[in-house]
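A quick write-up on the structure given underneath.
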Amino acid sequence: MPPRLPVIAHWACPSTPATRVSIFSFRRCASSSATSPEIYDVVCVGGGPAGLSLLTGLRNSPITSGLKVALIDGQDLQKSRLPKDASLGSFSNRCSSLTPASVRNLQEIGAWKHANASRIQPYQEMQVWDGVSDARISFDWDTARPLLTPRKPSQPTTIAYMIENVNTTSALLGRLEELGGVATFSSTKVESIELGKDAEDLDLSSWPILTLSNGKTLAARLLVGADGANSPVRSFAGIESRGWDYGRHGVVASLKLEGPGRGGAEHKIAYQRFLPTGPIAMLPLPGNMSTLVWSTTPERAAKLKSLSPNDFIAMVNAGFRLSTADLEYLHSIPSGQAEEIAWRGKHTPINEAQIPTNVVEVQAGTVANFPLKMRHADTYTGERVALVGDAAHTIHPLAGQGLNQGQGDAAALVKTIEHAVTTGQDIGSLLALEQYNSDRYAENNAMLGVVDKLHRLYAVESGPIVGLRSLGLRAVDAMGPLKGFFMNRAAGGA
Amino acid sequence: MAVSLKRPFTATVSAAVRSTHTSLSLPASCRCFSVLNRPPPNYEGHIPLTRVERLGLAAGSGLLSFLDPRRGDLIAAFGEATAQPYFIYKLRDRMLLNPTGRRILRDRPRLTSTSLAIPRLRQLPSNTLGYAYAAWLDREGVSPDTRAHVRYIDDEECAYVMQRYRECHDFYHALVGLPVFREGEVALKAFEYANTGLPMTGLAVFSALTLKKAEWRRFWDIYGPWAIRNGTKTDDVINIYWEEELETDINELRARIGIEKPPDLRTIRKAARDKKKQEKEGREHAAASAV
């Protein structure tokens, strides 16, 4: 598709262009008139991990670094950065598990070195089990190697990296600062998005024009929606997002354990137990800290939040140890869970080696909950619009894939834009963006489907399905190569 | 022996077992051992069985107790061999979901003639559960001390549940007023099956096939339907703390758990017998007058 503004561009900016595309961008010439909007090549709404990763990728690439880019976020981006002197005794309750593929991408765009490394915890093993039948699967790269292949000491042992979301965004913001060249509108809301007008000198009729709360208007050659699950950009583009609510809430908290974990500080283990109400997961953070993600019914989430710290700690310990019948009763009493759980612990056979060590402390103010949803946009692209991250899809947290999918989207969109720039296409055209949609849609859809099915499979409390799923889990556990395949998929390909 | 299931002891035993033999913390169905290499018991009196042994015990004790229903020991063994896996755990879970059931599991009370102080029960007002229970014991000529100890249930807590079910059996009799001979026992077993879900109680209903024709008809018309209806709709009888209900009005207790008292079996049988006798006398009389 030919660029739409060649004549005007030459008229407006006769100076030597930095790249082929920047010929057609207006630099500051067009904004001289108060009524006409400031024109950008890429406007990204939303400064979360996905949006920031996209902008960093664009600024980092020599091909796309000439694009004029803007970032808009309703929050104060500087405030959401990790303080330099943050103590290792307290962690944010919003943590994510970054797959090796996501970390590789962050390294490539130069952001990883800006992260606070002492607050990142790689883990080497994962224990997942069925809360009804106790069938168990353990993941580590050593047991998952292909048949008859010798053990390779050089093989990486890390499954994924636990990192606070605020650390990820801080790293990306740090890298963006270093690269420079992003017009940042922080603490600025998007008041409206509408299509431009076909003025005499400038046809913006297919361009999204954003009106900001500070009175500015921006025209976007490509508008990127990284603005979360209720994306205004998606609504502007008229893209439907379909799916369902799980009727479950995720309860999160930052916890302090008895010690560094069963494998010591060098071999950290992530745990997840599937209860019929939803999985409970304990993921390692540096030192004795851990982060909790407990998917449960809204009633139980409210109950957990209302408990005293002592009872809350006991309930988390019980979540990994006691029977579903006990847990049901414990959620029905107003208080005194700790005492009740101490008694039940004596009569429940527990293999301490296979479950996380006891929680001894919950960090004050970190117990929070949020509703769980499954959503998938019909498409990720529209005319001059692309969606990344939660704006495109929302996933159940049981596989820890949400943030990684957003990173994958950002990397794929950068690649697509690079290709469009190299081949001289209009980066906002549907044709140029098509590659992004086809790269990501099927992959994300498969992951959403698998995670949704897992949720459904483990929501069953009794009957033959419990037996079958336990058999299946044990079978996969016994088959190293098959397990390796699943681990590769979860690690983001490779 | 009465203390064998008390908590402190078993807790220490199972804790020791847990720490030394990790394989023991697996569910019973996963365990592998042979007759020559039997693991240590999980509680005093426990006899760990292999799957083959368990099947054999179930088949043997089932067959023999069908042939001779007065063999309480065989019925007890049959109950234990068939309750595991699954059923006894489900019954325990139902106790765990109920505040009173949990209290029973915590206290682990044992029902014996000494713990119940039977003579004191006889002094209670006649509308109380305690009085009805003592009266029932006297009428049927049985004692609460005749209950066998649980041996073949692997989990120590589930073993207590089985013991509790067994010891409470007489209270179920008193609650519904059914006698101990075969006809009453079959009706009560049907009720228990609908209420507790233990396979032995369900299988015991098959002994209804050995009933006499008139008894069979009564079971089919009156007691069977009563048992199913009441067993399913009443609260779990395993969750009644009998020791605390001894002075409760028995009708109030029945109303609370939602159970209807079936027609008195002894009265029906007596009426049937009298009728038969009258008919017989009538026939003899007629025959005599004809001569």
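The values are calculated or read from the model by the stated rules, or taken from the named source; none is laboratory data. Since this is a predicted model, take the numbers as computed values, not measurements. Here the Cβ positions follow ideal geometry from the backbone for every residue, glycine too, while neighbour counts run over all protein chains shown. Keep in mind that these areas ignore ligands, DNA and RNA; they rest on the heavy atoms of the full protein, side chains included. Shrake-Rupley method; radii C 1.70, N 1.55, O 1.52, S 1.80 Å.
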How would you rank A:218-227, B:187-196, highest first, on the average number of other Cβ atoms within 10 Å across their residues?
A:218-227, B:187-196
Which semi-axes, in whole Å and largest first, does the equivalent ellipsoid of region A:113-161 have when worked out from the alpha carbon gyration tensor as the square roots of 5 times its eigenvalues?
25, 21, 5
Could you report chain A's accessible area per residue, 1.4 Å probe, as an integer in Å²?
42
List the residues of region A:300-333 for which accessible area in the full set of protein chains is at least 10 Å² lower than for the chain on its own; 1.4 Å probe, protein heavy atoms only.
A:323, A:325, A:326, A:328, A:329
Could you run the numbers on buried accessible area between B and A, total for both chains, 1.4 angstrom probe, in Å² to the nearest 100?
1600
Set Lys and Arg Cβ to +1 and Asp and Glu Cβ to -1, take the dipole of chain B about its Cα centre, and tell me which of B:149, B:118, B:180 lies farthest positive.
B:180
Probe 1.4 Å, protein heavy atoms only - accessible area per residue of region B:39-280 in square angstrom
44
Could you report the accessible area of residue A:454 in Å², rounded to 10, computed with a 1.4 Å probe on the protein chains as they sit in the structure?
60
Can you pull out the GluC sites (Glu not before Pro) in region A:150-216 that DSSP calls coil and that have at most 10 other Cβ atoms within 10 Å?
A:200
How big is the charge dipole of region B:39-280 about its Cα centre, in debye rounded to the nearest 20, if each Lys and Arg gets +1 on its Cβ and each Asp and Glu gets -1 on its Cβ?
1020
Using a 10 Å cut-off around each Cβ of peptide A:346-358, what is the average number of partner chain Cβ atoms that fall inside?
4
When you count, for each residue, the other Cβ atoms within 10 Å and take the mean per peptide, how do B:37-48, A:123-134 rank with the highest first?
A:123-134, B:37-48
Prolate/oblate/rounded label for region A:238-279 (Cα gyration tensor, a/c 1.5):
prolate
On the accessible surface of chain B, probed at 1.4 Å, how many percent belong to carbon and sulfur atoms?
60
Just read off the accessible area of residue B:206 with the full protein assembly in place, 1.4 Å probe, to the nearest 10 Å².
120
Can you tell me the dipole magnitude for chain A around its Cα centre, using point charges on the Cβ only (Lys, Arg +1; Asp, Glu -1), in Debye to the nearest 20?
740
Between residue B:63 and residue B:182, what is the label-point separation in nm under the 7 Å Cα-to-beta-carbon projection?
2.0
Protection proxy ranking, peptides B:154-166, B:64-76, average beta carbon neighbours within 10 Å, highest first:
B:154-166, B:64-76
Heavy-atom accessible area of residue A:419 with all protein chains present, probe 1.4 Å, nearest 10 Å²?
110
Using a 1.4 Å probe over the heavy atoms of the protein chains, calculate the carbon and sulfur portion of the accessible area of chain A as a whole percent.
56
Give me the Å³ per residue figure for the convex hull around the C-alpha atoms of the protein assembly as shown.
221
Region A:85-99 to region B:137-171: how many Å between their Cα centroids?
55
Centroid-to-centroid separation of region A:452-490 and region A:316-387 [C-alpha atoms, Å]:
20
Can you list the residues of region B:96-111 whose accessible area drops by at least 50 Å² going from the chain on its own to the full set of protein chains, with a 1.4 Å probe?
B:96, B:97, B:102, B:106
To the nearest whole number, what is the average tally of beta carbon atoms from other chains within 10 Å of the beta carbons of peptide B:149-157?
1
From the Cα trace of chain B, what convex hull volume per residue do you get, rounded to a whole Å³?
148
